Amino acid sequence: MRRALLLLALSAGCLAPIAAANAQASSPRLYVLYCGDIALNDASSFTPGASGPGALSDTCYLIRHGQDWILWDTGLPDSLVDRPDGMKSNAGVWTSRKTLASQLDEIGLKPADIRYLALSHSHPDHVGNLNLFPQATLVVQKAEYDWVQPFGGPRFKPEQPAIKLEGDRDLFADGSVVFISTPGHSPGHQCLLVRLPKTGALLLSGDAVHTRANWDSHRVPERNFNVPQSLASLDRMAAVLKETNAQLWIGHEVSEVALRRYAPDYYE
Ligand SMILES: [Zn+2]
């Protein structure tokens, strides 16, 4: 009996540090990734009432949940780093000084380690590096997935695994990674609510809102897919922020993104 108790005590003593190490290895984290810069010819194209040129940052986020990695948006194409003058878009010029792949590498990850490729929506400044992650499971709203390209054809490769959401979804059923349906900027736009143990709750905006000034003034770009639906989504976001006591992180807002700690640093 004494021997059995001793063995039990020894095994408990051995197990404790392993359990602690496992908990640490899988504790939730969020990394902020630089995903490019957008110079706008005319700031009013995203901020009604503004005048003159403008700028938007492009931000992606990487979330660790247990053994799973979730990438939220993929930013502008990594190939831009080889083009110092950038690339013209319909609203301005895109540039990038650091690739998404190199930032994953600094964290010790390969693109193949990403399990879920979660997208706010399918505009080109958010899907520029989809081709790096052919094995990852897309998590998008069905309305976005089914939205045909302007000149016809699908937005996503049919062979890529996909979870097509119809409304909100708590991905792991523990409240830590929750998709919030916010249509309007595009047909199936969504935001992401992330709950972290130390930082608290964060609502990642996608393009439901582009700038803090737009949020404060409750206004949306006239070029949005559906303006009334966009305004209703702002109300939905305000309700979520209140309900969860979350911070709103606006990925295109230059002044706010500049204050973030970028990867390989992270938020817990
Ligand atoms: Zn965008």
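Explain nothing, just the number: relative contact order of segment 37-128, from Cα pairs under 8 Å at least 6 residues apart, as a whole percent. It comes to 30 percent, rounded to a whole number.
In percent, rounded to a whole number, the relative contact order of segment 151-201 is 22, using alpha-carbon pairs under 8 Å and six or more apart.
Keeping every protein chain present and rolling a 1.4 Å probe, give me the accessible area per residue for segment 221-268 in Å².
56
Residue by residue, segment 210-218 carries 3J(HN,Hα) couplings of 9, 9, 5, 4, 5, 4, 5, 9, 6 Hz when phi is fed to the Karplus relation 6.51 cos²θ - 1.76 cosθ + 1.60 (θ = phi - 60°); x denotes Gly or Pro. Scoring 213-225, 58-70 by mean Cβ neighbours within 10 Å over their residues and listing the highest first yields 58-70, 213-225.
Using only the Cα atoms of segment 97-175, each taken as one equal point scatterer with no solvent, compute I(q) by the Debye sum, divide by I(0), and report log10 of the ratio at q = 0.14, 0.15, 0.18, 0.20 Å⁻¹. Log10 I(q)/I(0), no solvent term: -0.53, -0.60, -0.84, -0.99.
On the beta carbon distance between Asp168 and Arg261, with R0 = 25 Å, the FRET formula returns roughly 0.30.
I'd like the antiparallel share, as a percent to the nearest 5, of DSSP beta bridges with both residues in the chain.
Looking only at bridges with both residues in the chain, the antiparallel portion is about 70 percent.
In plain terms, the C-alpha convex hull of segment 173-257 casts an average shadow of 5.6 nm² when viewed from every direction. Rounded to the nearest whole Hz, the Karplus-based 3J(HN,Hα) values (6.51 cos²θ - 1.76 cosθ + 1.60, θ = phi - 60°) of segment 117-128 follow the sequence 10, 9, 10, 5, 5, 10, 5, x, 7, 10, 10, x, with x at glycine and proline.
Using the 1.4 Å probe convention, the accessible area of segment 146-195 works out to 48 Å² per residue with neighbouring protein chains retained. Taking the convex hull of the alpha carbon positions in segment 82-134 and averaging its projected area over all directions gives 4.5 nm².
Among the protein heavy atoms of the chain, carbon and sulfur supply 56% of the accessible surface, probe 1.4 Å, non-protein parts ignored. Using 0.36 nm per residue and subtracting the Cα-Cα separation, the extra length available between Ala55 and Gln67 on full extension is 0.7 nm. If the segment from Asp235 to Ala213 were pulled out straight at 0.36 nm per residue, it would be longer than the present Cα-Cα gap by 6.4 nm.
Give the average over all directions of the projected area of the C-alpha convex hull of the chain, one decimal, in nm². Convex hull of Cα atoms, orientation-averaged projection: 17.0 nm². Mean sequence separation of contacting Cα pairs (under 8 Å, at least six apart), scaled by the length of the chain, corresponds to a relative contact order of 19 percent.
Just the ratio, please: alpha-carbon radius of gyration of segment 147-213 over 2.2 N^0.38 Å, N its number of residues. Could the numbers behind the result be given before it?
Working: Rg = 14.4 Å, N = 67, 2.2 N^0.38 = 10.9 Å.
Here the answer is 1.33, to two decimals.
The values are calculated or read from the model by the stated rules, or taken from the named source; none is laboratory data. No experiment lies behind these values; they were computed from the predicted model shown. As a convention, Cβ positions derive from the backbone with ideal geometry for all residues, glycine included, and neighbour counts pool all protein chains shown. Surface accessibility is based on the protein's heavy atoms, side chains included, excluding ligands, DNA and RNA. Shrake-Rupley method; radii C 1.70, N 1.55, O 1.52, S 1.80 Å.
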